[in-house]
Amino acid sequence: MRHRVAHRKLGRTSPHRMALLRNLATSLLDKERIRTTLAKAKELRPFAEKLITLARREDNRVHARRLASRHVQSNEVLKKLFDTLGPRFAGRNGGYSRILRLGPRKGDGAEMALVELVGSEFKPEKKEEKGKKAGAAAPEGGQKAEKKADKKPEKKAADKPKRARASKGAKEAAAE
């Protein structure tokens, strides 16, 4: 029975696991979006959210910064955590990150996931701008495609091996 067994071991010893989580949390807070395995992502989320909760504290900020510095590897990331991310999530009661499943990794089939902070989502260009760019580029692209189509048969004939042409010529000569 697994009563009161809280975390995944991730195939590592305790110090190695803590180092892994610290590095993942530092990368997540720095880049705001990282790609990792699903098991690591599920372990990382509560770890990183506790750091963000520390950054939100209004009282005794020096102590909170020292507690967070135990786990955050970079002073620049620590500064970003307390100056940018803490105030960004000040009005939010938890749920600072999300996990998006990406499917199996090609090499070993491990389930991959994207961990991102809420508010750092990918924002594609507007459809109107894409339509205008595509509409303006379409006539030029169409002309270029026609020119390329004309050139392609010439290149293919020139790229054929000599033996193929010689045998083709021999076949024509034999047919005559």
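First measure r as the distance between the Cβ atoms of E128 and R98, then evaluate 1/(1 + (r/R0)^6) with R0 = 35 Å and state the FRET efficiency to the nearest 0.05. Please list the in-between numbers first.
On the way: r = 28 Å, r/R0 = 0.81.
After rounding to 0.05, the efficiency reads 0.80.
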Checklist outcome for this item: Between A110 and R4, the FRET efficiency computed from the C-beta separation at R0 = 22 Å comes out, to the nearest 0.05, as 0.20
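Only counting other Cβ atoms within 10 Å, I'd like K126, K80 sorted with the fewest neighbours first. Walk me through the intermediate numbers first.
Numbers: K126 9, K80 17.
Neighbour counts put them in this order, fewest first: K126, K80.
Only the coordinates and a few stated rules stand behind these numbers; no lab work does. Just so we're clear, the structure is a prediction, and the values are computed from it rather than from any experiment. Here Cβ is always computed from backbone atoms with ideal geometry, including for glycine, and neighbour counts include all displayed protein chains.
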